[in-house]
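**Student:** Have a look at this one.
The values are calculated or read from the model by the stated rules, or taken from the named source; none is laboratory data. Predicted, not measured: the structure shown is a model, and the values here were computed from it. As a convention, Cβ positions derive from the backbone with ideal geometry for all residues, glycine included, and neighbour counts pool all protein chains shown. For accessibility, only protein heavy atoms count, side chains too; no ligands or nucleic acids. Shrake-Rupley method; radii C 1.70, N 1.55, O 1.52, S 1.80 Å.
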Amino acid sequence: MPKLTIDGIEVEVPAGATIMQACEAAGAEIPRFCYHERLSIAGNCRMCLVEVSPGPPKPQASCAMPAADGQVVLTRSAKTQKAREGVMEFLLINHPLDCPICDQGGECDLQDQSLAYGKGHSRFHETKRAVTEKYMGPLIKTVMTRCIHCTRCVRFAEEIAGVEEIGAIGRGENMQITSYLEGAVRSELSGNVIDLCPVGALTSKPYAFEARPWELKKTESIDVMDAVGTNITVHTRGTAVMRVTPRVNDDVNEEWASDVTRFACDGLRRGRLDAPYVRVAGKLTKASWAAAFDAVKTALSGAGSDVAAVAGDLADIEAMVAVKDLLGTLGSNCHECRVDGVAIPSADRSQYLFNSGLAGIEHADVILLIGTDPRHEAPLVNTRLRKAVRKDGATVFNVGPASDQTYPVTQLGDDAALLKALPQAVADALAKAERPAVIVGTGALSDSVGAAVHSLITRFNLVRDGWNGINLLHTAASRVGALDIGFTTAGGIAAMAAAPPKVVFNLGVDEVDVPGAFVVYVGHHGDRGARVADVILPGAAYTEKSGTYVNLEGRVQRGARATFPPGEAREDWTIFRALSAVVGQPLPYDDLRALRGRIAGEWPHLANEGLAPVPWVAPLVSDAPASSGPFALPPRDFYRSNAVARASATMAECVAEIVDADEPALQAAE
């Protein structure tokens, strides 16, 4: 490990570290524009110049120079300061004075560093260069005259997103950053270039000219658009959610967010349920809370214990526990979260988790995908798989429909029978691998064949010392938490549909209809589930309540309330608590702390945030017959996967620009 001296401080850094990393270890601040910790080194902005000896007499780019034993580095010398001032002067030659109208204002690296490292004046008075605007789709607003050619966006598209649709044309002064044929960037992660851009060249198109960062209240929370549990910051002004940005969490989402996570937030202001409704003479009519509760009480009085509940993809644990407790007071234990018909053959927790972990899966050396499309079901899982392939040389096989995952995948076929007799080369690769992994999607776990598929994959011998390679790729934010609390019923949703209960509490489910039942819909959008309801009780969206969620790897996380629900809407668990008092069976908690205490009492692992190790318990061998034939991936529209996204005008633009535009080309290819 090399030892070097930084501004008189001796530091020891790992072999292969750069001088910039050594400077940061010594507490020295090094300005940069092109360098980013998660991207390859470009070394083209030259802002990170430092004086190094022994070495050339001129300052060196610290991001691209390896640290060596015995080096003496000066980060604040007169020569270094003059060099940085010169670089900043060059960067500002053509940069427009757009700060008063630029959406990057207040969050701009160029602003901050020009103040800290600039001269305060320029010797260049020539006419500034102008660059024609580029089109990158409905999400990214471009003002390329501001571009300083750091190439962060180019490297992100190529290295992280795996979509080589952003690049540079021209040379020198004529160099321009553009998308391929100036078309929309077709990546489910494209919005991350907005955070990466250190100037105002790439900004959020839906957020353009909406607010300044100092006007916004920032609340740290958890995303619910998929099962990854992306850590986010919700930016609000008054009661409106203005934007959503990712937070850094190396164990979960690193610092990325999918486009639905980032841009679907405008759906929180559209199509909202803000008052109770009761169906009268076949028509939903606005009512008071008292009238709505009376209608539910009347229905329950004639139902006895023939009552059920279904929980949707966005439900929090507090709401599911509250409705489960309410059903318990009514003598019913009929509740179901697997509304897509997915079969989980064991109640043991290790059977339904992503056991390798989000951070761990990028260290797998042989990966078998079964009935899944991770690029669109969980984009941030796919970035980890891409990293495993690019950096560690992992081999990926696929059994199921072929799709572009942005990395090489060996297609074995689309036949479930392959799981019983894998090609010998694949079986040998899994057996010999140090960290083999199988990722099973919901498309492979349908209620008819799911148990058989799960039993077959557990025979692949994927468990090693300190490693479990059996992973289920959930798509619903609520699913693992619901399974943890036992929000399931024998026979699943099919049994409930075959023998419909008299009353059904629908907790935000839009995909299931129980004909003949009295439906009480508790949700926040007037989507498909609300249209068939007999009573609507308006609930709170994920940004409007404090809720607990468990992501696909079993990590307990808590979201915080960023704003209040609109109108008469209330947090979901409080609705069930109030209803329990109306029916004469009040639940034993009156506030969130008491409810979480009740949850911790029965499920201790849900008491604290974090990831607890889960011992592997081998499942019982299934007697279900081995299936054959192609897997049917669930109909999951990436841009319209839930009620919030379907209400989003921004997501509708993405569908029109990206999805619908691609369909004729796909049909022609077929």
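**Student:** Among what's in the range 1-42 and is of a type in the set (Ser, Thr, Tyr) and in a loop (DSSP other than H, G, I, E, B), pick the residue that is surrounded by the fewest Cβ atoms within 10 Å (Cβ to Cβ).
**Tutor:** Among residues in the range 1-42 that are of a type in the set (Ser, Thr, Tyr) and in a loop (DSSP other than H, G, I, E, B), the one surrounded by the fewest Cβ atoms within 10 Å (Cβ to Cβ) is 40.
**Student:** Right, another one. Could you please give the count of residues in the range 197-220 that are in contact with a helix residue (DSSP H, G or I) (Cβ under 7 Å, 6 or more places away or on another chain), open to solvent by 10 Å² or more (accessible area, probe 1.4 Å) and in a loop (DSSP other than H, G, I, E, B)?
**Tutor:** So the answer is 2.
**Student:** Taking the condition in contact with a Leu (Cβ under 9 Å, 6 or more places away or on another chain), surrounded by fewer than 23 Cβ atoms within 10 Å (Cβ to Cβ) and at positive phi, does residue 371 pass?
**Tutor:** No; evaluated as a whole, the condition is false for this residue.
**Student:** Anything in the range 174-184 that is out of contact with any helix residue (DSSP H, G or I) (no Cβ under 7 Å at 6 or more places or on another chain) and in a loop (DSSP other than H, G, I, E, B)? List them, or say none.
**Tutor:** Matches in the range 174-184: 175, 183.
**Student:** So, one more: Restricting attention to the range 68-83, which residues are outside any loop (DSSP other than H, G, I, E, B) and closer than 20 Å to residue 119 by Cα?
**Tutor:** Hits for the range 68-83 are 74, 78, 79, 80, 81, 82, 83.
**Student:** For the subset of the range 589-604 comprising residues that are of a type outside the set (Asp, Glu) and assigned to a loop (DSSP other than H, G, I, E, B), which member is most open to solvent (accessible area, probe 1.4 Å)?
**Tutor:** Here the residue is 603.
**Student:** Output the residues belonging to the range 100-124 that are within 34 Å of the chain's Cα centre (by Cα), exposed (fewer than 15 other Cβ atoms within 10 Å of the Cβ) and farther than 26 Å from residue 24 by Cα.
**Tutor:** The answer is 100, 101.
**Student:** Let me ask another. Can you work out which of the residues in the range 160-173 that are touching a helix residue (DSSP H, G or I) at 6+ places or on another chain (Cβ under 9 Å) and more than 17 Å from residue 135 (Cβ to Cβ) is surrounded by the fewest Cβ atoms within 10 Å (Cβ to Cβ)?
**Tutor:** 164
**Student:** Taking the condition open to solvent by less than 60 Å² (accessible area, probe 1.4 Å) and under 27 Å from residue 112 (Cα atoms), does residue 191 pass?
**Tutor:** Yes: the conditions hold for residue 191.
**Student:** What do you reckon, is residue 45 assigned to a loop (DSSP other than H, G, I, E, B), open to solvent by less than 30 Å² (accessible area, probe 1.4 Å), in contact (Cβ under 8 Å) with a residue 40 or more places away in the chain and in contact with a strand residue (DSSP E or B) (Cβ under 7 Å, 6 or more places away or on another chain)?
**Tutor:** no
**Student:** Of the conditions (1) modelled with pLDDT of 95 or more; (2) not in a strand (DSSP E or B), residue 141 fails just one. Which one is it?
**Tutor:** Exception for residue 141: condition (2).
**Student:** Is it true that residue 64 is open to solvent by 20 Å² or more (accessible area, probe 1.4 Å), touching a residue at least 60 places away in the same chain (Cβ under 8 Å), aliphatic (A, V, I, L, M) and part of a loop (DSSP other than H, G, I, E, B)?
**Tutor:** No; evaluated as a whole, the condition is false for this residue.
**Student:** Further question on the same structure: Show the residue pairs that are 6+ apart or on different chains and have beta-carbon atoms under 6 Å apart, the first residue being within the range 317-330 and of a type in the set (Ser, Thr, Tyr), the second being outside any helix (DSSP H, G or I).
**Tutor:** So the pair list comes out as 329/585.
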